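This report concerns only the one structure given below.
The values are calculated or read from the model by the stated rules, or taken from the named source; none is laboratory data. All values derive from a computational prediction rather than experimental measurement. Positions of Cβ are backbone-derived with ideal geometry, glycine not excepted, and every protein chain shown enters the neighbour counts. For accessibility, only protein heavy atoms count, side chains too; no ligands or nucleic acids. Shrake-Rupley method; radii C 1.70, N 1.55, O 1.52, S 1.80 Å.
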Amino acid sequence: MASPTMEDNEVAVDIEAMSSSLENRLSGNLVMSSNFCIFKVPTILSRHTKNAYEPNAFAIGPFHHKKPHLQPTERIKQKYLLDLLSRLSHNNNNPISNTQAPFDPMWIRKLSKAINEIQNKAHGYYAGPTDMSTTEFVEMLLLDGCFIIELFRKNSYQSDLIDKDDPIFTMSCLLQFLHHDLILLENQIPWFVLNTLFDLTKSQSTDKKSLVELALEFFPSLIKKKPFRLNLSNDDHRIQQTKHILDLLRNSLIWNSKVIGKDTNHDWQHIRTATGLRDSGIKFEASNSESILDISFIPRRGVVSIPPLLIQETTETMFRNLISLEQCCPNYKPIITCYAVLLDNLIDSSADIQVLEKNKVIDNWLNVDDATKFFNRLYIDTYVKENYYYCLTSKVNDYCKQRRHKYRRILKRDYFNHPWALVSVIGAFVALVLTFLQTFYAIQDAYKEDY
């Protein structure tokens, strides 16, 4: 029996059906919105450490909304919404109580109406399908948004707003979970939604701080000892352009940094490790800069100045989500990613961590080996075309090429590192001088005897 020919296979294809199917797929809106800033992290980035991108206890936004293991905390979010509605219904003078206080339903309608009016804009912030009806989406934004702003208020005005059995502020694990879950790129709601709800529920007697101040105050020292802060007024146009909480935290690092105003370069230079730089005569010192990004080099002193970096359990989560934001959002400059590349250059082994720890550049709360692995794999599979530290690495590499700095360090390390070593060097020098003088006078006396 003859096998089918190429022509037979071609005839078997239903051209009309295939064309119709492709036409239907191309008929939708395939244009990527410039507002996309909340999305599921691509597998190429998330595959390295999945835990750094998934919430532990609280689902915020649509992507993790229906996951079973996150459902128990929905009751906490509902209780926070009830607390807020009750306080608003009693002119913000509701006493703290464990009993369920009544509230005016008018407030739910008012807040729901406000969110419904902006839900289309909010939907445009999410890349990909949310698998929620409009009603579910509005309800989710209302519940999650009110929970977050009430959480921030309770954190700042604790004595006035927190009851004695509040699970978040009486169970340390839940607060730790929130510090992790609220910085996840997949677990965000638009900042303008939070701002809308905050303005509608603002109280002259309670709210003494802006939403930006409350948000930054909630997060502890996740990656630095100094708290997050922005030296900007709430009316600054840059604040109004904030996308979400993770974007706000990134902005607090970037807008306070001197790096952002420097010229960039598309070339990359490898820099030696911390131990390699030390052996080349370079020292490290901790700086007092507001931003961890402000790493600088002082050639006349041979010092690399680095703002202290805190390494703890949430540090990797913070960096990975910031890097994912830069990698995938349109028009985001890869500043945090460049910082990660530079740190990876500096840290290649546990000895490098110890050098930086000794100079108070790093405050490491993890196992040394775990901290080293964290830096070594931090920016894997990322792409960076702009280098914000090119000038720094060029100066450092030029300094290392000058051998005198290395020899000076060896001399200082081997002969001037201890008082007794210094005494022995001086003694040896004196003995050398005396030997020279003795030889000189002996030759001089011999010369006189000959003549």
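Brief remarks follow.
- The packing ranking, built from the mean of other Cβ atoms within 10 Å per residue, places the peptides 217-223, 342-348, 43-49 in the order 342-348, 217-223, 43-49, highest first.
- Separation of alpha-carbon centers, the range 130-175 and the range 243-317, rounded to whole Å: 34 Å
- Overall, the anisotropy analysis places the range 283-385 in the oblate class: the square-rooted eigenvalues a ≥ b ≥ c of its C-alpha gyration tensor yield a/c not less than 1.5, with a/b not exceeding b/c.
- For the range 247-351, averaging the sequence separation of C-alpha pairs within contact (under 8 Å, six or more residues apart) and dividing by the residue count gives a relative contact order of 28 percent.
- Sequence-ordered 3J(HN,Hα) estimates for the range 288-304 from the Karplus curve with 6.51, -1.76 and 1.60 and θ = phi - 60° stand at 9, 5, 5, 10, 5, 6, 7, 8, 9, 10, 10, x, 5, 9, x, 10, 9 Hz, glycine and proline given as x.
- FRET efficiency for the GLU16 to MET171 pair, using the beta carbon distance and R₀ = 41 Å, is estimated at 0.05.
- Label-to-label distance, nm, for residues given as ALA442 and ARG47 (7 Å Cα→Cβ offset): 7.7 nm
- Magnitude of the charge dipole for the range 259-310, about its Cα centre and with charges confined to Cβ atoms of Lys, Arg (+1) and Asp, Glu (-1), is about 260 debye.
- Straight-line cross-link reach from LYS333 at under 15 Å between alpha-carbon atoms covers these aspartates and glutamates, not counting any fewer than eight positions away in the same chain: ASP247, ASP263, GLU386.
- Local electrostatic count, VAL212, Cβ distance below 10 Å [Lys/Arg +1, Asp/Glu -1]: -1
- Using the Karplus relation 6.51 cos²θ - 1.76 cosθ + 1.60 with θ = phi - 60°, the per-residue 3J(HN,Hα) values for the range 352-369 come to 5, 4, 5, 4, 6, 5, 4, 9, 6, 7, 10, 10, 9, 9, 9, 4, 4, 5 Hz, with x marking Gly and Pro.
- Additional length obtainable on full extension of the chain from ALA127 to SER394, 0.36 nm per residue less Cα span: 92.2 nm
- Listed cross-link partners LYS121/LYS164; LYS66/LYS208; LYS226/LYS373 are compared with a 28 Å cut-off, the Cα-Cα value being larger for LYS121/LYS164; LYS66/LYS208.
- Here LYS360 is the anchor, and the aspartates and glutamates within straight C-alpha reach of less than 15 Å, apart from those fewer than 8 places off in the same chain, are GLU285, ASP352.
- For ILE38, nonlocal amide neighbours, meaning residues 5 or more places apart or on other chains whose placed amide H falls under 5 Å from its own, are ALA127.
- The range 264-356: trypsin sites (Lys or Arg not before Pro) falling in loop per DSSP and having at most 12 other Cβ within 10 Å: ARG300, ARG301
- By accessible area, using a 1.4 Å probe on protein heavy atoms only, the range 310-406 has 44% of its surface on carbon and sulfur.
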